[in-house]
Protein chains: 2
Amino acid sequence: MTDPPTDLDSTVRKLIDGKTKPLGALGQVESVALQLARATATPAPRLESCELTIFAADHGIAAEGVSAYPQAVTRQMVLNFLHGGAAANVFAGAVGASVRVVDAGVAGDPIGHPDLLPRRISAGTRNCLIEPAMTETQRDNAIGAGRNLVEDCPADVLCFGEMGIGNTSAATLIAHKVLDLPLAGLIGRGTGLDDAGLARKSAVLKAASERTAPVLGAEAALCEYGGFEIAMMTGAMLGAARSGRPILVDGFISTSAALVAIGMEPAVERNLIFAHRSAEPGHSEILEALNARPILDLAMRLGEGTGALLAWPVVRAASAMLTDMASFESAGVSGPA
Amino acid sequence: MTDPPTDLDSTVRKLIDGKTKPLGALGQVESVALQLARATATPAPRLESCELTIFAADHGIAAEGVSAYPQAVTRQMVLNFLHGGAAANVFAGAVGASVRVVDAGVAGDPIGHPDLLPRRISAGTRNCLIEPAMTETQRDNAIGAGRNLVEDCPADVLCFGEMGIGNTSAATLIAHKVLDLPLAGLIGRGTGLDDAGLARKSAVLKAASERTAPVLGAEAALCEYGGFEIAMMTGAMLGAARSGRPILVDGFISTSAALVAIGMEPAVERNLIFAHRSAEPGHSEILEALNARPILDLAMRLGEGTGALLAWPVVRAASAMLTDMASFESAGVSGPA
């Protein structure tokens, strides 16, 4: 996450240091401001709007009993998002962000709702314990759909969330294969497995991992183990970065999509602002591998983009510091004695 | 910070556990929600507005060279607040909070500005290295003014900030005397002292501390070492708690005011939500003594209420979770398999 100093960096540093506050007194908000400048290639980007896009899809591996909740919950939660009752909805309202919901591949028949964006690749992935979760064509279609979805979005800052029973398993396997990190450290309880459930999930993921080479490229890992929501989020991140917008990366699943996006286009990393540290233990492993220091650490592990949403006001404040805060000179405030 | 379980607690816990999310998946946001319920004595308080009141005052001990900045900066920053150019102003705009500015006792002539609330006790405190910073009458007048100021404020949640060159010295001495913590661990660089400045500040505070008994009651410590902004903030906290409103406690200085308020009325603690952990090292010492886990940890050390403001969206989200989020039952979402 540390780039060599550039002209932009020194311009921004000088701008921040001239603001009416002791040097460095805004701590990580100043670091976030520098990241925003880099992401937008602008010393003082004005960032006033934020949109969350939630991608929902189902996972064939859910049939192996890797989640505490039944697969039907993916579909039920899509309806909950559309009715405004989920945590993501109420958090978005609290922080002034808008929400879109995308069917990337929910199991069962298509969900008919006027506010749902239908981009379903298939009615869920195949079971990655046995075979690749998706074909290369499905993967590329999902990535393309994600890219297109952000082109339609005028917001200054983009958050991406997800819903998909079984998707901590997908994210775990992607991170394991792409980063070559030990599998055990990446496996967690997801929505709340008990000890027996965790043991079963661990055994399933170990077997699924053994089906392919120890290390895979990002795109291959996405085919083998990914979900349509993860692939579409990857595309959305690629598109958002291409348009020079900051991306607020949510938790464990979103960070696995970010890993794939970075693997495909390393320059994407410049646009990623890591919003929070999830309580899902694998998230800290991935963040460390990316040398990322997230904004919040609230022991949340819900997904949906909830962590990204809560970091948006901090990002907005960092932007406002750059654009609207007075300098010692403009405010007539004395410097150190 | 841990009260015995009450009927309210179990009602709120049940309400939170019924929301459409895995048990405990919103982590600290759930703890904050419980605190909000306790503070308001309501299972699901609707908290939609927030106001920051900034108290400004000067400190006689500034004459001893305990700050990196000249005393004139207090007054200059008051004008900066009134013109909307300070970090507190731009952060308030970013998070949707309003701002009031109070002259609690800035050095020099009264500042004439239509938006400034004039509550000055005196043109700064006396030098607490030599004598008590304020009289008991001044202290009581300041506390009373703070209480009255919150009565005039209709906001659901209250943030208090401060400006006063030299006030980390005042806060350090208050915490040292009230909590009986070692002085050295409470002394920091404030606005940015260099090593020589820090050594000077340490020597001055040691001498100032030796002027009085090793341990003082909260009200006595406030007289001996406090500032008018700290005393007025103490009164505002007492008043806010009395009105059943949550208080977002900012950083090191604000937490010293909270210590005095708790010393005067222990029940106030129920209304205090600790917003962030300051980079001023003494803040962690006080937070630990209070067994408080703040919401944010962004290495900020500016004061003005900036940390409290950035925590407001999290508090608002916690409230919205209680009031607006669907339950498994209302949304027709399945529970664990």
Any chance you could count how many residues in region B:73-91 are more than 9 Å from chain A (Cβ to nearest Cβ) and within 30 Å of A:Ala311 (Cα to Cα)? 4
Take A:Ala97 and tell me if it is open to solvent by less than 40 Å² (accessible area, probe 1.4 Å) and either more than 21 Å from A:Cys153 (Cβ to Cβ) or modelled with pLDDT of 95 or more (or both). yes
Residues of region B:92-102 being within 8 Å of another protein chain (Cβ to nearest Cβ) and touching a helix residue (DSSP H, G or I) at 6+ places or on another chain (Cβ under 7 Å), which ones? B:Gly93, B:Ala94, B:Val95
Residue that is more than 8 Å from chain A (Cβ to nearest Cβ), farther than 19 Å from A:Ala311 by Cβ and open to solvent by 50 Å² or more (accessible area, probe 1.4 Å), where the choices are B:Glu280, B:Glu304, B:Glu285, B:Glu265: B:Glu285
Being over 30 Å from A:Val32 (Cβ atoms), crowded, with 24+ Cβ neighbours inside 10 Å and of a type in the set (Gly, Ala, Ser) is the filter here; which residues of region A:52-61 pass it? A:Ala57
Could we say that A:Gly217 is among the small types (Gly, Ala, Ser) and over 16 Å from A:Ala258 (Cα atoms) here? no
As an exercise: evaluate A:Gly105 against (1) open to solvent by less than 10 Å² (accessible area, probe 1.4 Å); (2) within 12 Å of chain B (Cβ to nearest Cβ) and give the number of the one condition it does not meet. (2)
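For (1) within 14 Å of chain B (Cβ to nearest Cβ); (2) open to solvent by 30 Å² or more (accessible area, probe 1.4 Å); (3) closer than 30 Å to A:Leu193 by Cβ, each residue gets a yes or a no:
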| residue | (1), (2), (3) |
| --- | --- |
| A:Thr6 | no, yes, no |
| A:Lys14 | no, yes, no |
| A:Ser31 | yes, yes, no |
| A:Ala44 | yes, yes, no |
| A:Cys50 | yes, no, no |
| A:Gln71 | yes, yes, yes |
Give the residue, chosen from B:Gly192, B:Gly185, that is within 14 Å of chain A (Cβ to nearest Cβ) and either surrounded by fewer than 19 Cβ atoms within 10 Å (Cβ to Cβ) or among the aromatic types (Phe, Trp, Tyr) (or both). B:Gly192
Which ranges mark the helices (runs of 4 or more DSSP H) fully within region B:75-185 that have 3 or more residues being closer than 30 Å to B:Ala207 by Cα? B:136-151, B:167-179
How do the pairs read when you match residues in region A:140-156 that are without any contact (Cβ under 8 Å) to a residue 40 or more places away in the chain with residues anywhere that are open to solvent by 10 Å² or more (accessible area, probe 1.4 Å), using Cβ under 7 Å and keeping only pairs 6 or more apart or on different chains? A:Asn141/A:Ile121
Can you name the residue in region A:309-334 that is open to solvent by 10 Å² or more (accessible area, probe 1.4 Å) and in a helix (DSSP H, G or I) and is also farthest from the other protein chains (Cβ to nearest Cβ) among such residues? A:Glu329
Failed item, numbered, when B:Asn291 is tested on (1) closer than 30 Å to A:His83 by Cα; (2) polar (S, T, N, Q); (3) open to solvent by 10 Å² or more (accessible area, probe 1.4 Å): (1)
Tally of residues being closer than 17 Å to B:Gly282 by Cβ and among the aromatic types (Phe, Trp, Tyr) across region B:201-237: 1
Only one of (1) within 14 Å of chain A (Cβ to nearest Cβ); (2) surrounded by fewer than 24 Cβ atoms within 10 Å (Cβ to Cβ) is not met by B:Thr137, so which one is it? (1)
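The values are calculated or read from the model by the stated rules, or taken from the named source; none is laboratory data. Keep in mind the model is a prediction, meaning the values are calculated, not measured. Counting neighbours? That spans all protein chains shown, and the Cβs are built from the backbone with ideal geometry, glycine included. What goes into the accessible areas is simple: the full protein's heavy atoms, side chains included, and nothing from ligands, DNA or RNA. Shrake-Rupley method; radii C 1.70, N 1.55, O 1.52, S 1.80 Å.
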